[in-house]
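The values are calculated or read from the model by the stated rules, or taken from the named source; none is laboratory data. Everything quoted here is computed from the prediction, not taken from an experiment. Every residue, glycine among them, receives a Cβ derived from its backbone with ideal geometry; neighbour counts consider all protein chains shown.
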Amino acid sequence: MTDAAQAAPARTARKRTVLMCRPDYFTVSYRINPWMHPEDPTDTSLAVQQWEALYATYRELGFEIHLIEPIPGLPDMVYAANGGFVIDNVAYGARFTYPERQPEGPAYMNWFRDAGFDVREPEQINEGEGDFLLVAGVILAGTGFRTSSSSHSELARIYGREVVSLNLINPSFYHLDTAVAVLDDDNIAYLPSAFDGESLAKLRHIFPDAVLVTEEDAAVLGLNSFSDGFNVVIASRAKGFERQLRERGYNPMGVDLSELLLGGGGVKCCTLELRR
Ligand code: ARG
């Protein structure tokens, strides 16, 4: 047994309930992040095929998967993480930064309402679980490119939980879930250079044992992953991150979402966790 294997603690998987949206109308027709190039072609059927592989992986893991009907003309709706934030049956709705995505806010809120969630209409700009992550009993909340810092106080008021504000500084990692991966109830992986000094100090303090990923792995949106506490669904191209996860006793499972990467999103972006 290697030292790493000896040191790796046993991990426990907890089955998750998630909301997803089939990319039936996926394309890149506008540019609201540096990954998007509307002049380049996209292949919607390939996007659907790759998304279905992610769906099948979640089925294999025993997840309860809910689907929201995609709407023509909303090509980014596949990135369900941005549709809201849900804890304790309370769904805090999204209010998007860019007009291109604004109609998604009410569409997701209608879905939450129909599914029996207690919906809170947002007053402040926020892009849901793209910028809010629940871990270690607190909500990590990103700001800098999309979600406004005033939404962080709205969030704290609604959930009565501590909210830790983090400033994102690299436009390629414009949502918190592109720079931080929640691995289990207590730990995360992150890209240090995506944050300013003050935010880094907070992360180091709360997560002294975090996995630090390389620029190379982050550049294929490796951090944009979804974990059940043991199985971590990641971009198959994030080889270094895959190794780090294995050393820590997690089970990385690679999927290829290259087509959805053209819109600036990966595994986590396509996944909104529903916590009843
Ligand atoms: N094209 C989308 C946007 O820029 C991608 C969203 C990615 N979602 C995420 N949770 N990081 O808004």
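Just to be sure I understand, how many residues within the stretch 239-276 are part of a strand (DSSP E or B) and either in contact (Cβ under 8 Å) with a residue 60 or more places away in the chain or among the β-branched types (V, I, T) (or both)?
So in the stretch 239-276, the residues part of a strand (DSSP E or B) come out as 251-255, 272-273.
Checking the rest, the ones that are also either in contact (Cβ under 8 Å) with a residue 60 or more places away in the chain or among the β-branched types (V, I, T) (or both) come to 251, 253, 255, 272-273.
Selection size over the stretch 239-276: 5.
Which residue, of D76, D88, D43, is on the phi > 0 side of the Ramachandran plot and either touching a residue at least 12 places away in the same chain (Cβ under 8 Å) or more than 16 Å from the ligand (Cβ to nearest atom) (or both)? Spell out the reasoning first.
Numbers: D76 fails: on the phi > 0 side of the Ramachandran plot; D43 fails: on the phi > 0 side of the Ramachandran plot.
Sole residue among the options that is on the phi > 0 side of the Ramachandran plot and either touching a residue at least 12 places away in the same chain (Cβ under 8 Å) or more than 16 Å from the ligand (Cβ to nearest atom) (or both): D88.
Here is a yes/no grid of residues against (1) within 16 Å of the ligand (Cβ to nearest atom); (2) surrounded by fewer than 19 Cβ atoms within 10 Å (Cβ to Cβ); (3) within 16 Å of the chain's Cα centre (by Cα):
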position: E127; (1), (2), (3): yes, no, yes
position: G130; (1), (2), (3): yes, no, yes
position: L134; (1), (2), (3): yes, yes, yes
position: G137; (1), (2), (3): no, yes, no
position: T147; (1), (2), (3): yes, no, yes
position: E162; (1), (2), (3): no, yes, no
position: N170; (1), (2), (3): yes, yes, no
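Whether any residue in the stretch 181-198 is in contact with a Cys (Cβ under 9 Å, 6 or more places away or on another chain), buried (at least 22 other Cβ atoms within 10 Å of the Cβ) and in a helix (DSSP H, G or I) is what I want to check. Give the steps one after another, and end with the answer.
Within the stretch 181-198, the subset in contact with a Cys (Cβ under 9 Å, 6 or more places away or on another chain) is none.
No, the stretch 181-198 contains no residue that is in contact with a Cys (Cβ under 9 Å, 6 or more places away or on another chain), buried (at least 22 other Cβ atoms within 10 Å of the Cβ) and in a helix (DSSP H, G or I).
Among the residues of the stretch 113-133, count how many are in a helix (DSSP H, G or I) and in contact with a Gly (Cβ under 6 Å, 6 or more places away or on another chain). Break it down into steps so the answer makes sense when it comes.
From the stretch 113-133, those in a helix (DSSP H, G or I) are 113-114, 128-130; that's our starting set.
With the extra rule that they be in contact with a Gly (Cβ under 6 Å, 6 or more places away or on another chain), the set shrinks to 128.
Number satisfying all stated conditions: 1.
Where residues in the stretch 251-276 are within 16 Å of the ligand (Cβ to nearest atom) and polar (S, T, N, Q), which of them is nearest to the chain's Cα centre (by Cα)?
So the residue we want is T271.
Within the stretch 50-67, count every residue that is away from the ligand (no atom under 15 Å from the Cβ) and either out of contact with any Asp or Glu (no Cβ under 8 Å at 6 or more places or on another chain) or modelled with pLDDT under 95 (or both).
Matching residues across the stretch 50-67 total 12.
I need the full set of residues from the stretch 15-45 which are farther than 23 Å from G128 by Cα and surrounded by fewer than 17 Cβ atoms within 10 Å (Cβ to Cβ), in order please. Talk me through it step by step, then tell me what you get.
As a first pass, look at the stretch 15-45 and keep what is farther than 23 Å from G128 by Cα: 37-45.
H37, P38, E39, D40, P41, D43, T44, S45, listed by residue number.
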